[in-house]
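> Sharing a structure below in structure tokens format, with a few things to ask.
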Amino acid sequence: MFRIRRIYDDILPADRAAITAAQEILTTQFPGLDRRDIHGLPDKLRRPAVHGFRAIMLVVESARGKVRAFAMLYHEPDLRFAYLDYIASRPGRSGGGVGGALYERVRADARELGCYGLYFECLPDDPALSPDPATRRQNAARLRFYETFGARPIAGTAYETPVSPGDTDPPYLVFDDLGVGKPLRRRDARQAARAILERKYRQLCPPEYVERVVSSFRDDPVSLRPPRYATATSVSPVGPQPMRPERRIALVVNDRHAIHHVRERGYVESPVRIASIRKQLELTGIFEELPVRSFSDTHILELHDPGWVHYFKRVCERIGDGRSVYPYVFPIRNGARPPKELEIRAGYYCIDTFTPLNRNAYLAARRGVDCSLSAAQAVLEGHRLVYALVRPPGHHAERRAFGGFCYFNNAAIAANYLSRHGKVAILDLDYHHGNGQQDIFWERADVLTLSIHGHPSFAYPYFSGFAQERGGGAGQGCSRNYPLPEQVNGETYRKTLEHALEGVRRFGTELLVVALGLDTARKDPTGTWSLEARDFAANGRLVGALGLPVLVVQEGGYRVRNIGVNARHFFVGLWEGAFLPPGAGRR
């Protein structure tokens with residue numbers, strides 16, 4: 001058993017290990033290859049503009065995660081072609097259908113990218129070009145393999161002319177029409193040949209050589225060599241592919257959230273929020289649910305004051321069933337001496353009067369932390385998009401304070417967990433300011449916090465979220481706030497989001513945490529803005545187009561009538577932005 005998955009970059013540990021394995025395969029299978037090409041694989045993935053192509057790495061992994069083979073595919077979106085640079089397997093591991101499955105996946109990806117065809121090079125099977133019989137047999141075997149897919153060398157050109165006279169085994173340029181059967185036009189072939197020679201071989205091919213080769217493409221349509229090995233006369237076109245596991249959004253749901261149910265009139269943070277969202281997500285077919293794992297309190301205590309954590313657990317254990325305690329005394333005159341009575345002490349840690357403490361608040365919030373950390377771990381294990389569907393929410397929870405329905409800061413705890421592996425940004429898209437993340441990371445330079453929210457002159461929590469708040473100490477400049485007026489439509493919000501995303505890029509973000517509030521929607525009982533479903537879809541596409549691993553943590557959103565629909569639109573947009581080329585429809 002094996003699986004094929006895409007490697008986007010070298011940020012995650014699992015992907016770095018896969019790239020290292022691919023480099024080992026290249027070193028073993030191509031001993032004459034320039035070591036700079038081997039060591040440069042990660043850079044090709046990260047910086048397509050420098051190398052002239054968008055690089056796509058595919059790896060074949062065993063059930064235990066060991067890389068058996070890999071392929072490196074280059075995409076040229078403007079010229080609409082793909083170029084297969086490498087496809088190789090570990091010595092002795094080319095059987096079991098691995099090679100065929102990997103090449104089929106390459107073809108499927110090329111087709112999905114909107115390419116008219118796939119080019120690659122193959123060493124020649126002509127004695128005049130490959131005089132060594134053993135080498136020629138190997139070359140013929142490769143050409144035989146590709147012919148079964150309909151791929152054949154381009155005939156009648158000077159592409160296989162050696163750059164240095166006398167060199168042996170100059171490569172053919174092979175073309176695969178992906179089973180479409182459409183003739184290869186001379187203009188397309190010339191453009192592709194020029195791009196390959198000038199970008200991939202820029203250090204080897206002088207301009208006069210490139211011009212000689214490109215001008216040798218004279219036939220229109222371009223001729224392909226007649227089949228020499230394969231008996232099949234036609235190849236089926238590459239059709240729509242089933243949803244690949246790597247493209248699904250990993251979903252982790254707080255499986256104990258419903259125990260925290262405050263039934264008092266007007267309390268909008270209710271379990272039905274989660275049920276409404278899940279019902280709509282099931283319609284998309286793009287989610288894969290993962291179980292919640294258990295994590296130690298260490299991850300909470302790294303960010304939250306131990307006194308608050310200890311108090312929260314103790315007071316919830318003492319409150320009777322069906323009762324809720326609301327803070328009503330706030331010791332602003334002497335914060336150093338908390339009240340003796342636990343229930344009265346609530347105001348010592350709280351920022352408002354409407355966030356209750358009850359028997360199950362701690363248990364639900366604690367499981368929410370496990371949910372968020374499980375989602376963060378899923379990111380580290382290679383899932384590109386992950387959604388932690390949690391309640392109670394968390395972005396108002398500061399280092400030593402709770403409020404706004406929030407007890408532990410799920411997004412901050414997940415971001416801190418991820419920060420060991422790269423630069424993290426937290427993008428808060430809730431209607432209310434993400435004061436919790438700002439407080440926790442105020443003096444840290446490795447985590448960027450950004451928040452788009454209602455201006456604190458009229459929106460909760462009222463005391464934070466001003467544009468002038470930019471971080472302190474080592475974190476100076478690492479807090480960004482975008483306070484907006486009371487009336488905001490989708491277009492205004494989108495412009496602000498684009499500005500915030502540019503800040504994410506400039507920070508050099510490698511892992512993104514999105515604190516998703518759906519209370520920016522029209523008629524939400526806690527907000528004043530008017531975003532609609534199509535706006536959430538557009539916002540999701542913008543976030544997905546960053547090309548980063550994204551962990552979404554659920555925050556607010558309290559209009560049950562449309563919360564699920566808006567969530568569905570956001571995630572479909574996020575999925576499209578992350579996985580589909582610009583302008584492509586969903587597949």
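> Just to be sure, is residue 202 assigned to a loop (DSSP other than H, G, I, E, B) and either out of contact with any helix residue (DSSP H, G or I) (no Cβ under 7 Å at 6 or more places or on another chain) or within 28 Å of residue 47 (Cα to Cα) (or both)?
yes
> Pairs under 6 Å by beta carbon, first residue outside the structural domain of residue 12 (by TED's automatic domain parsing) in region 368-384, partner modelled with pLDDT of 95 or more and of a type in the set (D, E, K, R), six or more apart or different chains?
374/293
> Is at least one residue of region 510-521 buried (at least 19 other Cβ atoms within 10 Å of the Cβ), of a type in the set (Val, Ile, Thr) and part of a loop (DSSP other than H, G, I, E, B)?
Yes: one or more hits.
> Still on this model: Residue pairs, Cβ under 6 Å, 6 or more apart or interchain, first in region 414-435 and in a helix (DSSP H, G or I), second among the aromatic types (Phe, Trp, Tyr). List them.
none
> On to the next question. Condition first: in a loop (DSSP other than H, G, I, E, B) and over 16 Å from residue 388 (Cβ atoms). Can you find one or more residues in region 274-283 that meet it?
Yes: region 274-283 contains one or more residues that are in a loop (DSSP other than H, G, I, E, B) and over 16 Å from residue 388 (Cβ atoms).
> Among the candidates 22, 55, 71, which residue alone is part of a strand (DSSP E or B), at negative phi and over 20 Å from the mean Cα position of the chain (by Cα)?
Going through 22, 55, 71 in turn, the sole match is 71.
> Evaluate the following for residue 144: is it on the phi > 0 side of the Ramachandran plot, in contact with a Phe, Trp or Tyr (Cβ under 6 Å, 6 or more places away or on another chain), of a type in the set (Lys, Arg) and in the same structural domain as residue 66 (by TED's automatic domain parsing)?
Here the answer is no, as residue 144 does not meet what is asked.
> Can I ask one more? Kindly indicate the residue of region 450-504 that is of a type in the set (Ser, Thr, Tyr) and within 18 Å of residue 539 (Cβ to Cβ) and also surrounded by the most Cβ atoms within 10 Å (Cβ to Cβ) among those meeting that condition.
451
> In region 391-410, how many are in contact with a strand residue (DSSP E or B) (Cβ under 6 Å, 6 or more places away or on another chain) and polar (S, T, N, Q)?
Final tally of qualifying residues: 1.
Conditions (1) in contact with a Leu (Cβ under 8 Å, 6 or more places away or on another chain); (2) under 29 Å from residue 561 (Cα atoms), marked per residue:
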residue: 286; (1), (2): no, yes
residue: 295; (1), (2): yes, no
residue: 323; (1), (2): no, yes
residue: 347; (1), (2): no, no
residue: 354; (1), (2): no, yes
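> Sticking with this one: If I go through region 460-485 residue by residue, how many of them are assigned to a loop (DSSP other than H, G, I, E, B) and hydroxyl-bearing (Ser, Thr, Tyr)?
3
> Working only within region 540-556, note down all residues that are crowded, with 19+ Cβ neighbours inside 10 Å, out of contact with any Gly (no Cβ under 7 Å at 6 or more places or on another chain) and more than 16 Å from residue 287 (Cα to Cα).
Matches in region 540-556: 548 only.
> Does region 554-562 include one or more residues that are of a type in the set (Ser, Thr, Tyr), free of Cβ contacts under 8 Å to residues at least 60 places away in the same chain and more than 20 Å from residue 437 (Cα to Cα)?
no
> Of the numbered conditions (1) of a type in the set (Gly, Ala, Ser); (2) part of a helix (DSSP H, G or I); (3) over 20 Å from residue 195 (Cβ atoms), residue 49 fails exactly one; give the number of that condition.
Of everything listed in (1) of a type in the set (Gly, Ala, Ser); (2) part of a helix (DSSP H, G or I); (3) over 20 Å from residue 195 (Cβ atoms), residue 49 misses just condition (3).
> Here are 5, 80: which of them is crowded, with 19+ Cβ neighbours inside 10 Å, at pLDDT 90 or above, closer than 21 Å to residue 114 by Cα and basic (Lys, Arg)?
Answer to the check: 5.
> Output yes when any residue across region 285-294 is at pLDDT below 95, crowded, with 17+ Cβ neighbours inside 10 Å and not charged (D, E, K, R), and no when none is.
no
The values are calculated or read from the model by the stated rules, or taken from the named source; none is laboratory data. It should be emphasised that the depicted structure is a prediction, and the values quoted were computed from it without experimental measurement. Here the Cβ is made from the backbone with ideal geometry for all residues, glycine too, and neighbour counts use every protein chain on show.
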